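For reference, the structure discussed in these notes is given below.
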Amino acid sequence: MVLEATMICIDNSEWMRNGDYSPSRFQAQADAINLICGAKTQSNPENTVGVLTMAGKGVRVLVTPTSDLGKILACLHGLDFGCEMNLTAGIQVAQLALKHRQNKKQKQRIIVFAGSPITYEKKTLEAIGRKLKKNSVALDVVDFGESDDGKAEKLETLVAAVNNNDNSHIVHVSPGPNALSDVLISTPIFSGDGEGGSGFAAAAAAASAGGVSGFDFGVDPNLDPELALALRISMEEERARQEAAAKKAAEEASKEEKGGEQASSSRDTTMSEAVNTSAVIADDKRQNLTDVEAALLEQALAMSMDGAKSSSVDMIDADMSDATAEDPELAYALKMSVQESAGDSSTHSGMSKVLEDQSFVSSVLNSLPGVDPNDPSLKDFLASLQDQSETQQKRKEDSPEKDGDK
Amino acid sequence: MSCLHDHSCEDHNCSADWSLHTHIDLSKVSALNEAVAGSVKSVFKPWNRRLDTSEGFLESNDGDPELLVFIPFTSDVKIKSISVVGGSGGTSPSKMRAFINRDGIDFSDAQNMQPVQEWDLNENLQGLLEYQTRYSRFQGVGNLTLHFPDNFGGDTTQIYYIGLKGEATQLKRDVVATIVYEITPNPSDHKTRADAGSLAHVE
């Protein structure tokens, strides 16, 4: 938001008829100037911009520094091309125009579009640069169009002579598919000294490039606020839906873990993958350890203990995970039916032995994300596990029916 | 501390004399052709710190000894004399030209305009020399511009201290900042605290 008076020096020499920048060099220059004027006046309403031409019959000031954008744009029409550009005279006249600006508080800046070849010596340019620096005038140079050897160097020395604390810049634009204005938008010429017109620049970039640069959804909230709002809301809804799905997957993964404590390598890998994904997802859900989750954990553990073969429990876990996520009663009913159909005692006893190993269980629980091993309900449950496993083993010998309720 | 004047310092306090620096609007002080932007502010300090360069000093760009210093004041002042401490090795300024109450002077203006007063300076490394002004011309100074066109042969010009001696009035030179014109003014809208206690009031 720096307060600035800017003079733009246009090159309207014969070299501007060339078409290597579409549609013609001159047109590309005019577009770039339009954008610059807009950016300057937007970054600070008290900024003023003026325009002069360097070629033609002689250096001519078209508009003295003004904040009226319409005047500036109007004067760019109907410009005719002329002989050769007079760089030194152009800069001196620009300096004079800035000296007589109305608001002396504005900083002075000159922007030069140098399209034709430079015939001056480096020394002359350096002297001009030093004079500008002495009067604290900043200079930006856009080097485009002709590029005979030495032109880039000469302009670099000019800008280096003026540069005071990084206030002057030079941009070399080579001919190509990109429009001159697009290339300039990303340069410091547009963004002021790192502040100011970047918002405008982003909007202009989005508009002209038709791309997604600078805005979330490729739509400028300034231009179309309702569309931008609608896009943002739908994005958030989608995100919420994905989070819910991910949460379900995490619970499913945690149930699978408890169900499959046998050292089966394939299952281990899948489990680890599931744990990884659930770990990633559940990282921000660490605070969301709810009672529901603890209850589900207990249910899962009970199921794996009392239930049939672990594999069938796994499958049923997978089938029932969706249901259990939503309806704990339904889960309980399903669990009961599963337990009744169970019959394999060997695996069960193996499982129970594994589960009896308190340290193993606690280590597994510790490795699970989202589980707080110090949760008192969990500790109670683990303690009861011991008793339950003993009683269940006794019951197993008596009858196949089990009570898996916890 | 002894101030090396040929009088005894119990009579007056040298620091207090050179106190106009407190009336300088430091945020708006600016200089042209300074090597480091903003270094001109370090030049205005109390007299007893005039040789202290810990906060930097004002130096011109390489190869160009000209300096232009713009000093606005917070209220109108009357300037009796000016003291300038320069650098050694030929970097002290050799001439000083002063302009009063002019905004936005740059080098071409300064070189062409007739100054209010100009002095030939000597090297003043200890800050003991002071240059008197034609007091009648320096009454009611809102801002002062000092132009140092040349030095004693050095590559750059260095200034460590600029001291101003004089009086500050309480007047401000700037006129009204904002004026609101009313077609039908109503005095009751403009009650001040002073009016609140007065006997007379207008309906």
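Is there a simple number for the mean count of other chain Cβ atoms within 10 Å of the Cβ of residues in A:126-137, and what is it?
3
7 Å from Cα along Cα→Cβ at both A:Asp68 and A:Lys105: what's the point-to-point distance in nm?
2.3 nm
Would you mind ranking A:Val112, A:Val2 by Cβ crowding within 10 Å, fewest neighbours first?
Taking fewest neighbouring Cβ atoms as first place, the list is A:Val2, A:Val112.
R0 = 25 Å: FRET efficiency of B:Asp150 with B:Ser75, Cβ-based, nearest 0.05?
It comes to 0.15.
Hey, got the dipole for region B:2-168? About the Cα centre, +1 on K and R Cβ, -1 on D and E Cβ, debye to the nearest 20?
Here region B:2-168 has a charge dipole of around 460 debye.
Counting only other chains, and only Cβ atoms inside 10 Å, what mean value do you get across the residues of A:164-174?
Across the residues of A:164-174, the mean count of other-chain Cβ atoms within 10 Å is 1.
How much length would be gained if the chain were fully extended between B:Gln139 and B:Ser54, taking 0.36 nm per residue of separation minus their Cα-Cα distance, in nm to one decimal?
Roughly 27.3 nm would be gained on extension.
Based on the mean of other Cβ atoms within 10 Å per residue, sort peptides B:153-164, A:177-188 so the most packed one is first.
Top of the packing list down: B:153-164, A:177-188.
Taking a ≥ b ≥ c as the square roots of the Cα gyration tensor eigenvalues, with a/c under 1.5 meaning rounded and otherwise prolate when a/b beats b/c, else oblate, which class fits region A:4-193?
Rounded is the answer for region A:4-193, as its axis ratio a/c remains below 1.5.
Below 15 angstrom from the Cβ of A:Gly50, what's the summed charge of the other residues (Lys, Arg +1; Asp, Glu -1)?
Here the count lands on +3.
So, by mean Cβ neighbours within 10 angstrom, what's the order for A:47-53, A:167-173, A:223-229, B:61-67 with the highest one leading?
Going from most to least packed, we get A:47-53, A:167-173, B:61-67, A:223-229.
For B:Arg193 and A:Cys83, what is the calculated FRET efficiency with R₀ set at 51 Å and r taken between the beta-carbons, to the nearest 0.05?
0.10
What pairs in A:Lys99/B:Lys78; A:Lys57/A:Lys123; A:Lys107/B:Lys45; B:Lys41/B:Lys95; A:Lys105/A:Lys151 have C-alpha atoms more than 24 Å from each other?
A:Lys99/B:Lys78; A:Lys57/A:Lys123; A:Lys107/B:Lys45; A:Lys105/A:Lys151
With just the Cα atoms defining each centre, how far is region B:149-173 from region B:53-67? Give it in Å.
Region B:149-173 and region B:53-67 have Cα centres separated by 13 Å.
Return B:Ser75, A:Ser116, A:Ser174 ranked ascending by Cβ neighbour count within 10 Å, so the fewest neighbours appear first.
Ordered from fewest to most neighbouring Cβ atoms within 10 Å, B:Ser75, A:Ser116, A:Ser174 come out as A:Ser174, B:Ser75, A:Ser116.
Spin-label point model (7 Å from Cα, Cβ direction): what's the A:Asn366 to A:Ala245 distance in nm?
3.6 nm
Out of all DSSP beta bridges with both ends in region A:4-193, state the antiparallel percent to the nearest 5.
Percent antiparallel among DSSP bridges in region A:4-193 is about 15.
Given a Förster distance of 30 angstrom, what is the FRET efficiency for A:Glu226 paired with A:Asn34, based on the Cβ-Cβ distance and rounded to 0.05?
0.60
Values in this text are rule-based calculations from the coordinates and carry no lab data. Everything quoted here is computed from the prediction, not taken from an experiment. Quick reminder, even Gly has a Cβ in these numbers, built from the backbone with ideal geometry, and neighbours come from all protein chains shown.
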